[in-house]
Structure formats: C-alpha cells, structure tokens
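**Q** The following block contains the structure, expressed as structure tokens.
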Amino acid sequence: MPTEKFTFPGHAGHDLAARLDLPDGPHLATALFAHCFTCGKDIAAARRISARLAAVGIAVLRFDFTGLGHSDGDFENTSFTSNVRDLENAAQALSARGLSPSLLIGHSLGGAAVIKAATHLAGIQGVVTIGAPADPSHVIENFAEELSSIQAEGAAEVCLGGRPFRISAGFVEDVQSTELDEALKSLNAALLVLHAPRDQIVSIDNAATLFMGAKHPKSFVTLDDADHLISRASDAEYVADVIATWATKYINLTPPAPPPGAPEGIVRVSEADPRGFLQDVQSGPNHHTLADEPLAYGGTNKGMSPYGFLSAGLGACTSMTIRMYARRKGWPLDHVRVEVSHDKVHAQDAETGAKNRIDTFRREIHLTGDLDADQRQRLLEIADRCPVHRTLENSSQIETVLAG
C-alpha cells in the first residue's frame, strides 16, 4: 500500500511525525491509530494492522506522540491528557486533508486515549481498543519501583522495554486522576474490545471493565494466546481482519461508483507477502478474501488457489442458475450442492514453454427434493446455461495494460 510521510503540530506546537497508509484504490473511510505507551508508529503491530486496513479501502494515520520516535518535543513534559490532545490534533490535520476520521484504534494505553478522545471528536462512528487498560493509571505498574524517586525529585529516569525514559510527577498525577467511566458512558460510537486472555501486561479483567462500562453497540473478541504487543504476524493479521469486518457494520463506507463497463466494480488483488504467494483479494467495500498456493508449491495455504477460485466461481454460478430456474418453475427443489474438480496440475501449468493443455472441469450436481426424472434432467441441462460455464467454454478476450 502507498505510504506518505505526514507532519502536524502536536498539543504544544511541536511537529509530530506520522505515516499515512493509503488504499491502493478507492478510499472508503479513514482511521486514526494510537500506539502503546512509549512505543511508536512503526511497531510491527501498527504497521501490519494499518497495511491490512488500507488493503480494504480504509486509510490509516499512525503517528509518534510528543517526544517519541521521530516526533519533536520532550517526553518528560507529556501526560495522558497531552496524548489525548495529540490525537485531537491528528484528527484535525486529517480533516484539513479531506480525510476526516470515522474510526479510532488504540493499542494498550493508546486504547484508553482513543476512548477519551472520541468524546471530543465529531464524526467518530467506531472505537477499537487492543489490550487496553480500563484505568490509565495501570501504566504506573511499569515503573512502580521508581515511583518514590519520581515523586521525591519531580522526575526520574526509568527503563521501559530496555530503553531509558524520564517520567515526571506530573505524568503520574495526571494518570492517577484520569478515569474512563464517564467517557465510556458518553461514548457516541460503537465499541470493539480486543484482548488476549493471556496478556501478562494488561490483564483480561480490564477488557471486561471496558465492555461493561460502555453502552451498546459494543463487541468483544478474544485474541487467544497473542502477546500484549501483538508481535506475531498472524495475530496482527487476525486483529486487522476482525476490525475490517466489524467496521463494515458500524462505519459508513462510501465506495465510489463503479467504472463504466464494469457494473460490479473492480476486483483488486494486492500482494500480501512478497516472500510467498499470499494475495489480498478485495471486491468492493464488503467482500474480502485471501488467495494463496498450497505449501507444496511454495505458498502458505492461507487461501484458495487461483484455480480454486475459478472452480468456486463455476460451482456457485451453477447452483445459482439451477435455483433460479427451479424457483421460476415452482419445482420442489429443496437444496443444491455442486462439487467441482479441476485436473490441471499447478507445477505443470507454470512451466515455461509447456504445450497448451485443455482444462477439464468436472461438475457433480446434487439435487434434493421431490423432483421427478424429467425435472432432474432439465435442471442438469440448465446447468450448462450458467454464465460462468459459458464464459469458460467460449473464448474470452483479456486486455492487459501497465499502469502509469
């Protein structure tokens, strides 16, 4: 997906560094991503989730809070409240770009921040938290041993994730005085809570508190054995898939009109993993799937093969055509099942200079219902009138151009 560098002023006027992940196609909505405490916009989970959402048409802005990553300012002078203000400034910057956010996503302490920010921002339709604490003061547990030094000296250096940070007494006071109860009650957006039961940084009890404190519509999805940072690629992909699917129900997606001559719009296929063959397949704003190759042919077997999709199209069209005819005739057809097999071998098909082969698709049609022999025979004949059948049987013209 195309990614742009993006800069906007933070709460204190410092330049904050951001990345804007844009869809490689129609823009349907915009999300704003808030990272975890002392993390940054480029952590693996943020990158993977943003890329996946961009693949389905949702632009994502992820940025470094003041004093972190590539953003200017002094981290020691920040607080939870200032993080919320940075989020509000990010939303304003997106709106000025014509990309007003309708979805807020927050990871860990960023999840608490997006709940708070959502109550101050117009147009937010969905809020997603990932491993978020129900009480922002939970973050103090990360440096509890240095708390007395911070309070006595006004600020002290602590080690978080193997890196040194100066934490001020003002930060501690701010998180201790901040509650999310009222923000949850007044949240005028759908809420999705994602949390791993085995999260050792923020316990699952926090997810229950967030969920119970919010009004409907609200949803909870467990992340099973994922870690707090969602460091495994498979877990990040799952989180992104859940958010993308959930968003179609609660976020107003505004797809553009289909291009002339393509009434069903464009099916967009984007490479998801350059090390293998995994592909993101998107048809409009509502339909997403994965294409891949079997393990034996160098793929990761996370989706149907291209020939699998071809067989699926033939089987689905056959079943639909039979159902449509039986419905029009008023025949007692209770159920249709079509099993399709294709005899071409992937490796042979990929050989350079191989002789042309004739593809053979075998359909086995199962009809259930009180049908007589003539009706069954007629429905078998109707199967051959399936539009996809005709497309495969007849010659097709494929036009290919290289995009500018």
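**Q** Within the range 362-396, how many residues are surrounded by 10 or more Cβ atoms within 10 Å (Cβ to Cβ) and either in contact (Cβ under 8 Å) with a residue 60 or more places away in the chain or among the hydrophobic types (A, V, I, L, M, F, W, C) (or both)?
**A** Residues that pass the stated criteria total 13.
**Q** Go through (1) at pLDDT below 90; (2) open to solvent by 60 Å² or more (accessible area, probe 1.4 Å) one by one and return the number of the condition Leu253 breaks.
**A** Failed condition: (2).
**Q** Applying the selection to the range 321-334, what residues are assigned to a helix (DSSP H, G or I) and either exposed (fewer than 15 other Cβ atoms within 10 Å of the Cβ) or free of Cβ contacts under 8 Å to residues at least 40 places away in the same chain (or both)?
**A** Let us first name the residues in the range 321-334 that are assigned to a helix (DSSP H, G or I), namely 321-329.
Answer for the range 321-334, where residues must be assigned to a helix (DSSP H, G or I) and either exposed (fewer than 15 other Cβ atoms within 10 Å of the Cβ) or free of Cβ contacts under 8 Å to residues at least 40 places away in the same chain (or both): Arg323, Met324, Arg327, Arg328, Lys329.
**Q** For the range 350-404, which positions are hydroxyl-bearing (Ser, Thr, Tyr) and at pLDDT 80 or above? Give the steps one after another, and end with the answer.
**A** Narrowing the range 350-404 to residues hydroxyl-bearing (Ser, Thr, Tyr): 352, 360, 368, 391, 395-396, 400.
The answer is Thr360, Thr368, Thr391.
**Q** Of the conditions (1) touching a residue at least 12 places away in the same chain (Cβ under 8 Å); (2) open to solvent by 20 Å² or more (accessible area, probe 1.4 Å); (3) under 30 Å from Gly57 (Cβ atoms), Gly98 satisfies every one except a single condition; which number is it?
**A** (1) is the only condition that Gly98 fails.
**Q** Out of everything in the range 131-158 that is within 30 Å of Ser219 (Cβ to Cβ) and out of contact with any helix residue (DSSP H, G or I) (no Cβ under 6 Å at 6 or more places or on another chain), what residue ends up being most open to solvent (accessible area, probe 1.4 Å)? Step through it out loud before you land on a result.
**A** Keep residues of the range 131-158 that are within 30 Å of Ser219 (Cβ to Cβ), which gives 131-142.
Applying the additional criterion that residues be out of contact with any helix residue (DSSP H, G or I) (no Cβ under 6 Å at 6 or more places or on another chain) yields 131, 135, 138, 140-142.
Values: Gly131: 4, Asp135: 68, His138: 35, Ile140: 17, Glu141: 126, Asn142: 74 Å².
Checking each candidate, the answer is Glu141.
**Q** Take the residues in the range 232-248 that are among the charged types (D, E, K, R) and touching a residue at least 12 places away in the same chain (Cβ under 8 Å); name whichever of them is nearest to Ala31 (Cα to Cα).
**A** First pass over the range 232-248, keeping only residues among the charged types (D, E, K, R): 232, 235, 237, 241.
Among the residues that remain, those that are also touching a residue at least 12 places away in the same chain (Cβ under 8 Å) are: 235, 237, 241.
Numbers: Asp235: 20, Glu237: 17, Asp241: 14 Å.
Looking at the filtered set, the residue picked out is Asp241.
**Q** How about the range 18-30: which of its residues are modelled with pLDDT of 90 or more and open to solvent by 20 Å² or more (accessible area, probe 1.4 Å)?
**A** Once the filter is applied, which keeps residues that are modelled with pLDDT of 90 or more and open to solvent by 20 Å² or more (accessible area, probe 1.4 Å), the range 18-30 yields Arg19, Leu22.
**Q** Quick check on my filter: what residues within the range 74-95 are open to solvent by 10 Å² or more (accessible area, probe 1.4 Å), part of a helix (DSSP H, G or I), more than 18 Å from Gly111 (Cβ to Cβ) and not aromatic (Phe, Trp, Tyr)?
**A** Once the filter is applied, which keeps residues that are open to solvent by 10 Å² or more (accessible area, probe 1.4 Å), part of a helix (DSSP H, G or I), more than 18 Å from Gly111 (Cβ to Cβ) and not aromatic (Phe, Trp, Tyr), the range 74-95 yields Glu76, Asn77, Asn89, Gln92, Ala93, Ser95.
**Q** Need the failing condition index for Val202 against (1) part of a loop (DSSP other than H, G, I, E, B); (2) open to solvent by 20 Å² or more (accessible area, probe 1.4 Å), just the number.
**A** (2)
Rundown of residues vs (1) touching a residue at least 24 places away in the same chain (Cβ under 8 Å); (2) open to solvent by less than 10 Å² (accessible area, probe 1.4 Å); (3) of a type in the set (A, V, I, L, M), yes/no style:
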position: Phe8; (1), (2), (3): yes, yes, no
position: Val56; (1), (2), (3): yes, no, yes
position: Val60; (1), (2), (3): yes, yes, yes
position: Asp72; (1), (2), (3): yes, no, no
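**Q** Checking the structure you have, find out if any residue of the range 95-111 is over 18 Å from the mean Cα position of the chain (by Cα) and closer than 20 Å to Ile140 by Cα.
**A** The answer is yes; a qualifying residue exists.
**Q** Let me ask something else. Cβ-Cβ below 8 Å, separation at least six or inter-chain, first residue in the range 34-49 and assigned to a loop (DSSP other than H, G, I, E, B), second surrounded by fewer than 24 Cβ atoms within 10 Å (Cβ to Cβ) and of a type in the set (Asp, Glu): which pairs?
**A** Pairs found: His35/Asp64; Gly40/Asp64; Lys41/Asp64.
**Q** Working only within the range 266-319, note down all residues that are in a loop (DSSP other than H, G, I, E, B) and in contact (Cβ under 8 Å) with a residue 60 or more places away in the chain. Walk me through it before giving the result.
**A** From the range 266-319, those in a loop (DSSP other than H, G, I, E, B) are 266, 272-278, 284-286, 292-294, 298-303, 305; that's our starting set.
Across the range 266-319, the qualifying residues are Ile266, Ala272, Pro285.
**Q** For residues in the range 211-234 being part of a helix (DSSP H, G or I) and at pLDDT 90 or above, which is nearest to Ile130 (Cα to Cα)? If you could, list the steps in order and put the result at the bottom.
**A** Initial filter on the range 211-234 (part of a helix (DSSP H, G or I)): 211-213, 233-234.
Applying the additional criterion that residues be at pLDDT 90 or above yields 211-213.
On the way: Phe211: 12, Met212: 16, Gly213: 16 Å.
Step by step, filter the range 211-234, then rank; the result is Phe211.
**Q** Within the range 118-129, identify whether any single residue is open to solvent by 20 Å² or more (accessible area, probe 1.4 Å), closer than 20 Å to Asp241 by Cα and not β-branched (Val, Ile, Thr), and answer yes or no.
**A** Initial filter on the range 118-129 (open to solvent by 20 Å² or more (accessible area, probe 1.4 Å)): 119-123, 125.
In the following step, the residues that additionally are closer than 20 Å to Asp241 by Cα were identified as 125.
Narrowing the set further to residues that are not β-branched (Val, Ile, Thr) leaves 125.
Yes - at least one qualifying residue is present in the range 118-129.
**Q** Ala45 - would you say it is modelled with pLDDT of 90 or more, closer than 26 Å to Ala190 by Cβ and not basic (Lys, Arg)? Walk me through it before giving the result.
**A** Numbers: modelled with pLDDT of 90 or more: no; closer than 26 Å to Ala190 by Cβ: yes; not basic (Lys, Arg): yes.
Taking the combined requirement at face value, the residue does not satisfy it.
The values are calculated or read from the model by the stated rules, or taken from the named source; none is laboratory data. On a predicted model such as this, the values are computed, not experimentally measured, just so you know. Here Cβ is always computed from backbone atoms with ideal geometry, including for glycine, and neighbour counts include all displayed protein chains. These area figures cover heavy atoms from the full protein model, side chains too; ligands, DNA and RNA do not enter into them. Shrake-Rupley method; radii C 1.70, N 1.55, O 1.52, S 1.80 Å.
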